Amino acid sequence: QVQLVESGGGLVQAGGSLRLSCAASGRTDSVYTIGWFRQAPGKEREFVCSITLISGSAAYAEFMKGRFTISRDNAKNLVHLQMNSLEPEDTAVYYCAAEISPNRGVNPWEYNYWGQGTQVTVSS
């Protein structure tokens, strides 16, 4: 089992920044990729970005437009999501998820473990 806990969400004005963190515990040695997803009210959960824990290779959704950066700290079992130039459209619950297989998935169903989510609200 792998446990994930997100932190760092909050309320920010448009153009501002937030840094989300995902703390992993348990069988973290079984995890290949950590991904970030988000879900806005009335919308499906969508892929934001992911990072492989061994190589640190990152992948981003097109809408990121270079505004978000994912990083990892393997010594502390942490994955961070730095979000800059936030827009009201970025308002959502942000989830981190762990994938056991080496597929580098972009779909929620490809991930095995999920955190409880952290709310990000961007005001205009």
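The values are calculated or read from the model by the stated rules, or taken from the named source; none is laboratory data. Since we're looking at a predicted model, the values are computed, not measured. Positions of Cβ are backbone-derived with ideal geometry, glycine not excepted, and every protein chain shown enters the neighbour counts. Accessible surface is based on the protein model in full, side chains and every heavy atom, while ligands, DNA and RNA are left aside. Shrake-Rupley method; radii C 1.70, N 1.55, O 1.52, S 1.80 Å.
Residue by residue, what Karplus-based ³J(HN,Hα) values in Hz, rounded to whole numbers, does segment 13-21 have, using 6.51, -1.76 and 1.60 with θ = phi - 60° and x for Gly and Pro?
Ordered by residue, 3J(HN,Hα) equals 7, 4, x, x, 10, 9, 10, 8, 10 Hz.
Averaged over all directions, how much area does the convex hull of the C-alpha atoms of segment 50-113 cover when projected, in nm²?
Values: hull surface 19.6 nm².
So the Cα hull casts an average projection of 4.9 nm².
Could you state the per residue volume, in Å³, of the convex hull enclosing the Cα atoms of the chain?
Output value, Cα hull per residue: 92 Å³.
State the extension gain, in nm to one decimal, for the chain segment bounded by Val5 and Ala40, taking 0.36 nm per residue of separation less the distance between their alpha-carbons. Mind dumping the intermediate values first?
Working: separation 35, 0.36 × 35 = 12.60 nm, distance 1.91 nm.
Contour length minus Cα-Cα distance gives 10.7 nm.
In whole percent, and with a 1.4 Å probe on the protein chains, what portion of the accessible area of the chain is carbon and sulfur?
Values: 3070 of 6290 Å².
Ligands and nucleic acids excluded, carbon and sulfur give 49 percent.
What's the FRET efficiency of Ala58 with Arg27 using the Cβ-Cβ distance as r and R₀ = 22 Å, to the nearest 0.05?
On the way: r = 23 Å, r/R0 = 1.04.
Here the calculated transfer efficiency is 0.45.
Expressed in nm to one decimal, what extension gain is obtained for the pair Arg19 and Ser124 from 0.36 nm per residue of sequence separation less their Cα-Cα distance?
35.9 nm
Largest first and to the nearest Å, give the Cα extent of segment 1-41 along each principal axis.
38, 18, 15
Quick one: which residues, 5+ away or cross-chain, put their amide H under 5 Å from the amide H of Asn112? H built at 1.01 Å from N.
HN-HN under 5 Å from Asn112: Ala98, Glu99, Ile100.
For each cysteine in the chain, check whether another cysteine's C-beta sits under 4.7 Å from its C-beta; list those where none does.
Within the chain, the cysteines lacking a partner Cβ under 4.7 Å are Cys49.
Through the Karplus equation 6.51 cos²θ - 1.76 cosθ + 1.60, θ set to phi - 60°, convert the phi angles of segment 55-68 into ³J(HN,Hα) values in whole Hz; use x for Gly and Pro.
These are the phi-based 3J(HN,Hα) values: 8, x, 6, 10, 9, 10, 6, 4, 6, 5, 6, x, 7, 10 Hz.
Scan around Arg72 for amide H atoms under 5 Å from its own, H built in the peptide plane at 1.01 Å from N, and keep only partners 5 or more places away or cross-chain.
His80
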